[in-house]
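Have a look at the structure below, then the notes.
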Amino acid sequence: PRYRAVEGRLRCRDDVASSFPGPVAVVKIEVEGHEDPVLRGGRRTIAADRPVIVAEWNPAYPHRRGTDPTERLHAAMAGLGYRSVRREGGGWIAGDRFHSPRDIDNLVMCPRERTHEVLGALSRSHRR
């Protein structure tokens with residue numbers, strides 16, 4: 001068979017982060033369209049540590065489940081004071097909606113108070 005069931009232990013992101021020796025600075029999420037439950041499971045860590053979050057944008061996965069990825073991400077991040085940062089043309093732009101016009105993209109979510117810092121770092125990294 002192409003797929004097989006695998007049993008594993010499921011832990012909430014907040015529970016995993018509580019075992020780290022210091023604050024969480026960056027979170028990379030790669031869960032094929034299930035970003036919103038991961039973000040909800042990490043709300044305490046996100047609120048306390050204010051990490052930059054990088055997630056793949058691929059609306060095909062949530063659309064197969066009959067959900068709107070923009071609304072799901074917005075609901076998961078509601079009240080946390082985060083902005084969306086993504087590539088646009090030759091640079092980076094920040095916005096208040098978690099979405100991309102591309103079918104597949106990398107979406108950076110950053111604390112509102114770090115938007116300028118994150119935009120600068122991303123711009124510098126792409127000039128090299």
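The values are calculated or read from the model by the stated rules, or taken from the named source; none is laboratory data. A quick note: this is a predicted structure, and the numbers were derived from the prediction, not measured. A quick note on method: Cβ atoms are made from the backbone with ideal geometry, for glycine too, and the neighbour counts reach across all protein chains shown. Only protein heavy atoms, including side chains, enter the accessible area calculation; ligands, DNA and RNA are left aside. Shrake-Rupley method; radii C 1.70, N 1.55, O 1.52, S 1.80 Å.
Looking only at the stretch 82-94, count how many residues are open to solvent by 20 Å² or more (accessible area, probe 1.4 Å) and either hydroxyl-bearing (Ser, Thr, Tyr) or over 17 Å from Leu39 (Cα atoms) (or both). Steps first, answer last, please.
Initially, the stretch 82-94 is screened for residues open to solvent by 20 Å² or more (accessible area, probe 1.4 Å), giving 83, 86-94.
Checking the rest, the ones that are also either hydroxyl-bearing (Ser, Thr, Tyr) or over 17 Å from Leu39 (Cα atoms) (or both) come to 86-94.
Result for the stretch 82-94: 9.
Would you confirm whether or not the stretch 52-70 contains a residue that is surrounded by fewer than 17 Cβ atoms within 10 Å (Cβ to Cβ), among the β-branched types (Val, Ile, Thr) and part of a strand (DSSP E or B)?
yes
Could you please give the count of residues in the stretch 95-119 that are farther than 21 Å from Asp68 by Cβ and surrounded by 12 or more Cβ atoms within 10 Å (Cβ to Cβ)?
Total meeting the criteria: 8.
Would you be able to say whether some residue in the stretch 91-106 is in a loop (DSSP other than H, G, I, E, B), of a type in the set (A, V, I, L, M) and more than 19 Å from Ile46 (Cα to Cα)? If you could, list the steps in order and put the result at the bottom.
Of the residues in the stretch 91-106, the ones in a loop (DSSP other than H, G, I, E, B) are 96-104.
Of the ones still in play, those that are also of a type in the set (A, V, I, L, M) are 104.
When the remaining residues are screened for being more than 19 Å from Ile46 (Cα to Cα), the result is 104.
Checked against the condition, which is being in a loop (DSSP other than H, G, I, E, B), of a type in the set (A, V, I, L, M) and more than 19 Å from Ile46 (Cα to Cα), the stretch 91-106 yields at least one hit.
How many of the residues making up the stretch 7-47 are at pLDDT 80 or above, surrounded by 13 or more Cβ atoms within 10 Å (Cβ to Cβ), farther than 16 Å from Asn106 by Cβ and among the hydrophobic types (A, V, I, L, M, F, W, C)?
Qualifying residue count for the region: 3.
Quick check on this structure: which one of Ala17, Ala55, Ala60 is more than 24 Å from Gly79 (Cα to Cα), among the hydrophobic types (A, V, I, L, M, F, W, C) and touching a residue at least 24 places away in the same chain (Cβ under 8 Å)?
Going through Ala17, Ala55, Ala60 in turn, the sole match is Ala60.
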